[in-house]
Every structure is written in structure tokens, then in C-alpha cells.
Amino acid sequence: MSQAAPPEAASHHPSFDEKMEMVERSIEAHGSYLLNFLHSLTRNRQDAENLHSDLWVYVLHRFSPDRIGDIAALRRKARHLFIDHYRKLRRDPLAFVEDTPESGSGSGISEPFTEREQAEFRRRFFTEFPVCLPPEHEEALWLHAWCGHTFQEVAGIMGKPASTVGDWIAGARQAFADHLNSTRQQTS
């Protein structure tokens with residue numbers, strides 16, 4: 001009885017140069033957003049730049065070609081790298097005390113995008129992932145996921161109960177998960 005070839009064997013494995021080109025395109029599309037995301041987590045420009053470099057090395061060597069441009073996967077990996085970095089600092093009391101994050105005294109970037117750039121990014125995001133959401137649900141998700149507001153803060157901004165906002169965000173997340181799962185099933 002012969003065994004079937006694994007699915008990876010049937011598909012084209014890009015060469016290192018092809019993968020490098022894919023990573024470069026992803027850096028062009030998402031690099032500054034991810035660097036600013038890491039800077040918002042570390043509050044230290046040098047740490048953010050180091051983690052940003054580590055992220056792209058990891059992506060080049062470990063991500064499958066279909067995930068290289070996936071902003072959700074990239075952001076998730078960036079966050080994991082930050083968490084690992086933070087835990088490492090916590091284990092080293094001298095580094096943790098001596099390497100405190102920079103204050104927001106103007107040496108860093110205050111906002112990752114201008115309002116126009118943020119509006120364009122938002123439009124592109126919701127166009128690229130065409131999930132049908134009521135406008136209030138989309139706004140709640142945006143304020144929570146992109147802007148980092150808590151459910152209570154989003155509720156205050158939108159003038160709605162926090163439980164309602166939580167339901168909207170949970171529903172929006174589920175809608176995106178369903179969309180991504182159906183997209184993956186169609187491509188496999």
C-alpha cells in the first residue's frame with residue numbers, strides 16, 4: 001500500500017529568493033505599522049526595532065508563503081515576540097530596572113499614522129476582509145482592536161452599555177473567524 005504524498009509536496013515550494021521577495025513586499029505593506037505597534041508595546045524605540053527585525057527573520061524562515069502577508073498573523077507573532085522579550089526582562093532584575101521604557105517626551109512617535117493614513121488603512125482592511133458588519137459593530141471592533149480601547153472605553157465613546165459593545169465585538173470577531181475559515185477551505 002503506497003502512501004500519498006503530503007500536501008506540501010504537491011504544492012510549489014518557493015525558493016529562498018522568492019520567499020525573500022514576498023517578505024519584502026510584506027515589509028512594504030505592513031512594516032511601519034508593525035514597527036509602530038511594537039513601539040507602542042515596548043515604549044522603547046531600540047527594543048521595538050530589534051523585535052521588528054526578529055519578526056521579519058522569523059517570518060522569512062518559519063512562515064508559510066500564504067501567511068507572509070497576513071497582517072493578523074504578523075501582528076500576533078509581533079505580540080508573541082514582545083511577550084517573550086518582556087518575560088526575559090522580568091527574569092533579569094538589573095536589565096528590567098536599568099532598561100525602563102522611554103517616556104513619551106517626544107523622542108518617539110506619538111501616533112503610528114496620521115488621521116488620513118489611518119482612515120485609508122481602515123478602508124483597506126475592511127475592503128480586504130469583506131465581512132458584512134453593521135456600522136456600529138465595525139466601529140466598536142475598530143476602536144477595540146486597532147485603537148486598543150477597553151470595552152468600557154468603547155462604550156463611553158459610543159454611548160452604549162459595555163455589555164452591548166462586548167456582544168458586538170464578539171460577534172464581529174466570530175464573523176471574521178468564519179470568513180477566514182471559509183476562505184482557507186476554499187483555497188485548500
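What follows is calculated from the coordinates using simple rules that are stated; it is not laboratory data. What you see is a predicted model; the values in this text were computed from it and never measured. So basically every Cβ, Gly included, is an ideal-geometry build from the backbone, and we count neighbours across all protein chains shown.
3J(HN,Hα) couplings calculated from phi for segment 169-181 with the Karplus curve 6.51 cos²θ - 1.76 cosθ + 1.60 (θ = phi - 60°) are, in sequence order, 5, 4, x, 5, 4, 5, 4, 5, 4, 4, 4, 5, 5 Hz; Gly and Pro show x.
Sorting 71-82, 156-167 by their mean Cβ neighbour count within 10 Å, with the most densely packed peptide first, gives 71-82, 156-167.
Potential lengthening of the chain between His80 and Glu28 amounts to 16.6 nm, from the contour at 0.36 nm per residue minus the alpha-carbon distance.
Given a Förster distance of 41 angstrom, what is the FRET efficiency for Gln152 paired with Asp17, based on the Cβ-Cβ distance and rounded to 0.05? Plugging the Cβ-Cβ distance into 1/(1 + (r/R0)^6) gives 0.25. Sequence-distant contacts, meaning Cα pairs under 8 Å at least 6 residues apart, place the relative contact order of segment 13-83 at 39 percent.
A straight chain from Asp167 to Val57 at 0.36 nm per residue would run longer than the Cα-Cα distance by 35.8 nm. The 3J(HN,Hα) values that the Karplus relation (6.51, -1.76, 1.60; θ = phi - 60°) gives for segment 136-142 are, in residue order, 5, 5, 4, 4, 4, 4, 4 Hz. Gly and Pro appear as x. With both labels modelled 7 Å from their Cα along Cα-to-Cβ, the Phe125 to Ser40 distance reads 0.8 nm.
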